[in-house]
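Report on the following structure.
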Amino acid sequence: MPRDPECLFCRIIAGEIPSKKVYEDAEVFAFEDIRPQAPVHLLIVPKEHIPTVADVPAGWPVMGRLVETANRLAKEKELIFGYRVVINCRADAGQEVFHLHLHLLGGRKFSWPPG
Ligand code: AMP
Ligand code: ZN
């Protein structure tokens, strides 16, 4: 899907809104969450505008690259005791920004089930 000029994360990727970038390549962008819920809280997003995980096309290779990036960043941040990768989908899950993103959370213990 083309870039959405109204989308917060498309604007962050384009550099129109500042962010604390931690990684970028041709397909993937990662930055610090502005309201961190854990000592490490990063957002990993595709450069392509995909609104939700429900919109991910079957076999879309970038999905794997997003997961690889989360794993690599977790290693770089030395989250040796574990971490959580979260994708919220639509209203019931609390999705606020409708541009696909993986939350990488770590540096503390998390409870299960999530609230
Ligand atoms: P979600 O609820 O899964 O849609 O998550 C959206 C996330 O984006 C939240 O954790 C917000 O704290 C984060 N967020 C919102 N605005 C910004 C911003 N300008 N820079 C970085 N993170 C943001
Ligand atoms: Zn977008």
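The values are calculated or read from the model by the stated rules, or taken from the named source; none is laboratory data. Please read all numbers here as calculations on a predicted model, not as lab measurements. Cβ sites come from the backbone with ideal geometry, for glycine too, and all protein chains shown count toward neighbours. Surface areas here come from the heavy atoms of the whole protein model, side chains and all, with no ligands, DNA or RNA. Shrake-Rupley method; radii C 1.70, N 1.55, O 1.52, S 1.80 Å.
Kindly indicate whether Asp33 is in contact with a His (Cβ under 7 Å, 6 or more places away or on another chain) and modelled with pLDDT under 95.
Considered against the rule, which asks whether it is in contact with a His (Cβ under 7 Å, 6 or more places away or on another chain) and modelled with pLDDT under 95, Asp33 comes out as no.
Which is under 24 Å from Gly15 (Cβ atoms) and more than 14 Å from ligand 2 (Cβ to nearest atom), of Leu43, Leu102?
Values: Leu43 fails: more than 14 Å from ligand 2 (Cβ to nearest atom).
Going through Leu43, Leu102 in turn, the sole match is Leu102.
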Unmet requirement for Phe29, which otherwise passes all of (1) of a type in the set (Phe, Trp, Tyr); (2) surrounded by 11 or more Cβ atoms within 10 Å (Cβ to Cβ); (3) assigned to a loop (DSSP other than H, G, I, E, B): (3)
Only one of Val67, Val85, Val97 that is assigned to a helix (DSSP H, G or I) and open to solvent by 20 Å² or more (accessible area, probe 1.4 Å): Val67
Flag if Lys77 is without any contact (Cβ under 8 Å) to a residue 40 or more places away in the chain, among the charged types (D, E, K, R), surrounded by 14 or more Cβ atoms within 10 Å (Cβ to Cβ) and within 16 Å of ligand 2 (Cβ to nearest atom): no
Pair list, Cβ under 8 Å, 6 or more apart: segment 43-64 residue in contact (Cβ under 8 Å) with a residue 60 or more places away in the chain, other residue in a loop (DSSP other than H, G, I, E, B): Leu43/Asp33; Leu43/His101; Ile44/His101
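Just to be sure before I move on: is Pro51 surrounded by 14 or more Cβ atoms within 10 Å (Cβ to Cβ) and in a loop (DSSP other than H, G, I, E, B) in the structure I sent?
When the stated conditions are applied, Pro51 passes them.
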Selection from segment 100-111 of residues that are assigned to a loop (DSSP other than H, G, I, E, B), more than 8 Å from ligand 1 (Cβ to nearest atom) and under 23 Å from Met1 (Cα atoms): Leu100
